[in-house]
1. Can you pull the one-decimal nm distance between simple spin-label points at Asn174 and Val144, each 7 Å off the Cα toward Cβ?
2. Calculate the tail of P(r) for segment 33-97: the fraction of all Cα-Cα distances greater than 15 Å, expressed in %.
3. Taking N as the number of residues in segment 86-210, what is its alpha-carbon radius of gyration divided by 2.2 N^0.38 Å?
4. In a GNM of the chain with a 10 Å cut-off on Cα contacts, which of Ala228, Ala51, Ala156 has the highest mean-square fluctuation?
5. Under 15 Å from a point placed 7 Å out from the Cα of Lys137 along the Cα-to-Cβ direction: which residues of segment 185-209 have their backbone N that close?
6. Mind telling me which of Gly84, Gly98, Gly111 comes out most flexible in a GNM of the chain, alpha-carbon contacts under 10 Å?
7. With a 10 Å cut-off between alpha carbons and a GNM built on the chain, which of Gln181, Gln168, Gln223 moves the most?
8. Whole-Hz Karplus ³J(HN,Hα) for segment 122-131, in order, using 6.51 cos²θ - 1.76 cosθ + 1.60 and θ = phi - 60°, x for Gly and Pro?
Amino acid sequence: MKRTALQHSAPANDAISYAGYRFPPDVMSYAVWLYYRFPLSLRMVEELLTARGIDLTYETVRRWSVKFGLGIARRIRSTALGRGDKWHLDEVVVTINGKKHWLWRAVDQYGAVLDVLVESRRDRHAARRLMRKLLRKHGRAPRVLITDKLKSYAAANRDLGLNVEHRQHKGLNNWAENSHQPTRVREKVMRRFKSTRHLQRFTSVHDQVANLFMHCRYNANAQDKRQARTQAFEAWETVTGNSMLDRLAE
């Protein structure tokens, strides 16, 4: 069943403020969109904007991504349609400064990322933290929980007293495993993440932006693809409060 990525109303009391900057808000939101939507480095975004006559530095782009990224992600999450009741959970190792960390991620049956969590451990405590975070944000337990055979998931469910169907099978968890691929691509472009905070902040924003545009790539025909893309652009304009820079000239 086809679902719209985002509703077209956002909380009025949660507006993003662009006051105090010399650049127009549409330029700033466009730079943030480029950085989180595509596998581009900060310097690549700087060059793309310079080609359009917008003269700034990559450090400016970095500051905008930090300043506005999480706010945009929160608005995407708060205005999204209800997510699925089948949760796929998985974890992947990420090396930061020579030390292994684990990026835990939850995805629903439609491929939308529900949440991410960076932990230094791969045990029941980390799995429990992820589950608590999901339950708090979504306000309900899933109908079905799908994981690999890591015993920490079952232990976390027992600790939380969850009575849900738990399927443990590696072959059933492709949604979650495939969701790690864009992170690997960005890790290479960015020449590794600099800290756990950097990884948590980036994936929290990147995954929500990806949710917004996830229906733009996998449609059966060109008409559906154009419609999905138009809806995604309109949704982006709603959450940022600005028109897409490329659409201003239309």
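None of the figures in this text is laboratory data; all of them are computed from the coordinates on show. For clarity, every value in this text was computed on a predicted model and none was experimentally measured. Counting neighbours? That spans all protein chains shown, and the Cβs are built from the backbone with ideal geometry, glycine included.
1. With each label point 7 Å from Cα toward Cβ, the separation is 1.4 nm.
2. Numbers: 1396 of 2080 pairs.
The share of Cα pairs beyond 15 Å in segment 33-97 comes to 67 percent.
3. Dividing the Cα radius of gyration by 2.2 N^0.38 Å gives 1.01.
4. Ala51
5. It comes to 199-209, nothing else.
6. Of Gly84, Gly98, Gly111, the most mobile in the Gaussian network model is Gly98.
7. Highest fluctuation of the listed residues: Gln223.
8. Once θ is set to phi - 60°, the couplings for segment 122-131 become 10, 9, 5, 5, 5, 4, 5, 4, 5, 5 Hz.
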